[in-house]
Amino acid sequence: MVSLHSAELDEAYRQVEQYYTQKLRRYGPSPLGVDWSCVPTQALRFRKLLTLCDFANPFSLNDLGCGYGALLDYLALYHPQTPVDYLGIDLSPAMVRSANRRWAGETIRFHRGVESPRSADYSIASGIFNVMLDQPILLWEQLIEKTLAHLRRTSRKGFSVNFVHAPASGKRTRMGLYCTEPERWREFCRTHLRSHVRVIDDYGMSEFTLLVEPRSC
């Protein structure tokens, strides 16, 4: 892994924070407000990311890039029987304010930042690596490495993330969108984070999900 200068990181985070804050101001607390197209595809992403979690028992969960707290809507609808100690983390103050207006409870908290201030049983990060904007790809991939290493350190049982698939040859993708192949990040998690990795990429969208669990030794 390559170290990044703090100024480069700060500028990348600042640009992404402004991007999502503007989306929220335009569309409000909705899938469009976090750059997703609709509720069904947003829910499908959550379902794949949460494949890692054992809903037979209570657990703690960090939601990195939580936005306005949409994951809590999903949990309340599909897993109301399982107590979840939830912490949502987002770099946009506007997102955190919106989430706090929508949700309250002893086991629900939100934090403004780029990393989680606590460890949890599981962590998820939905879509946080997609919006690269005009960052150099090398810098963006170093930022991804840093984030994945943080998720590994703060997730006792594992974490899950998703990425946009690289387009087929000859096809164009949206400007400023980071696209990649599963093997690029599966190998990083295996080798550098010493983890078991499963790939889910058969759910009808041009993206894939990584389920990452720590090796016992």
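The values are calculated or read from the model by the stated rules, or taken from the named source; none is laboratory data. Keep in mind that this is a model prediction, so the values were computed, not measured. No Cβ is skipped: glycine too gets one built from the backbone with ideal geometry, and neighbour counts run over all protein chains shown.
Listed here are the residues, each with its yes/no results for (1) under 20 Å from LEU61 (Cα atoms); (2) surrounded by fewer than 18 Cβ atoms within 10 Å (Cβ to Cβ).
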residue	(1), (2)
GLY127	yes, no
GLN135	no, no
PRO167	no, yes
SER195	yes, no
GLY204	no, yes
LEU211	yes, no
*The lone exception for SER116 - which of (1) closer than 17 Å to PHE159 by Cα; (2) polar (S, T, N, Q); (3) part of a helix (DSSP H, G or I) it fails*: (3)
*Scope the range 40-93; condition within 18 Å of GLY158 (Cα to Cα), among the hydroxyl-bearing types (Ser, Thr, Tyr) and in a helix (DSSP H, G or I); matching residues*: THR51
*Quick one: would you say ALA56 is loosely packed, with under 13 Cβ neighbours inside 10 Å, modelled with pLDDT of 95 or more and among the small types (Gly, Ala, Ser)?*
yes
*Do we find a residue being surrounded by fewer than 18 Cβ atoms within 10 Å (Cβ to Cβ), among the hydrophobic types (A, V, I, L, M, F, W, C) and either within 23 Å of MET205 (Cβ to Cβ) or modelled with pLDDT of 95 or more (or both) anywhere in the range 59-78?*
yes
*Answer from PHE159, PHE110 - the residue that is surrounded by 19 or more Cβ atoms within 10 Å (Cβ to Cβ), in a strand (DSSP E or B) and free of Cβ contacts under 8 Å to residues at least 60 places away in the same chain*: PHE110
